[in-house]
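Take a look at the structure set out below.
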Amino acid sequence: MSVVLLVARMTLAGVFLVSGIAKLADPSGTRRAIAEFGVRGWPARVGAWVLPLAEIGVATLLLFTATAWWGSLGALALLATFEAAIAVNLHRGRTPDCHCFGQLHSEPVSAKTLVRNAALALPALLVLVAGWTDPGPSAVAWLGDLT
């Protein structure tokens, strides 16, 4: 089970790291996407920096055994927030551009976006529940063995 938890954590860390860095590389696009979701003005400007930093923070937490559980909780919180924002916009008949991976990949939100985020929530939930006492091996412990 520990290898499964490590793979789940590394998958999530990779997704959140790429997403966060891509959003940081395009702050105006991130701000525009946040505004298209209905958050305008200064909250969108602040969110254009806070959101990618939160994603990078979650990715970092997932790397270390001591913080992996908190990283999975953060991942679930971000994914739940994304799901809610997407669902509300879809319910209102709006399909804003997700800007999910910054300039790397962006498309209008759809049911497919909801399914993708739900699929990403599964490994986060696995680490949260099964990794409560042992989230698996450290992803970075091997660095200590380097000379």
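The values are calculated or read from the model by the stated rules, or taken from the named source; none is laboratory data. Remember, predicted model here, so these are calculated numbers, not experimental data. Heads up, the Cβs are rebuilt from the backbone with ideal geometry, glycines too, and the neighbour counts pull from every protein chain shown. Heads up: the accessible areas ignore ligands, DNA and RNA and are worked out on the full protein's heavy atoms, side chains in. Shrake-Rupley method; radii C 1.70, N 1.55, O 1.52, S 1.80 Å.
Remarks
- Test: residue in segment 72-83 that is assigned to a loop (DSSP other than H, G, I, E, B) and polar (S, T, N, Q): no
- Residues (under 17 Å from L120 (Cα atoms) and open to solvent by less than 60 Å² (accessible area, probe 1.4 Å)) located in segment 62-79: L62, L63, A68, W69, G71, S72, G74, A75, L76, A77, L78, L79
- The set of residues from segment 87-99 being open to solvent by less than 70 Å² (accessible area, probe 1.4 Å) and out of contact with any Phe, Trp or Tyr (no Cβ under 8 Å at 6 or more places or on another chain) comprises A87, V88, L90, G93, D97, C98, H99.
- Residue in segment 5-60 that is surrounded by the fewest Cβ atoms within 10 Å (Cβ to Cβ), counting only those that are assigned to a loop (DSSP other than H, G, I, E, B) and hydrophobic (A, V, I, L, M, F, W, C): A25
- Selected residue (only one of L126, L61, L79 is of a type in the set (A, V, I, L, M, F, W, C), more than 14 Å from S19 (Cβ to Cβ), touching a helix residue (DSSP H, G or I) at 6+ places or on another chain (Cβ under 6 Å) and touching a residue at least 24 places away in the same chain (Cβ under 8 Å)): L126
- Flag if V109 is surrounded by 20 or more Cβ atoms within 10 Å (Cβ to Cβ), free of Cβ contacts under 8 Å to residues at least 24 places away in the same chain, under 19 Å from A22 (Cα atoms) and touching a helix residue (DSSP H, G or I) at 6+ places or on another chain (Cβ under 6 Å): yes
- Selected residue (criterion: nearest to H99 (Cα to Cα)) from residues of segment 10-66 that are more than 9 Å from the chain's Cα centre (by Cα) and of a type in the set (F, W, Y): F37
- Number of the exception - L128 against (1) assigned to a loop (DSSP other than H, G, I, E, B); (2) hydrophobic (A, V, I, L, M, F, W, C); (3) in contact with a Leu (Cβ under 8 Å, 6 or more places away or on another chain): (1)
- Those residues of segment 112-122 which are surrounded by fewer than 13 Cβ atoms within 10 Å (Cβ to Cβ) and within 23 Å of D26 (Cβ to Cβ), in sequence order: K112
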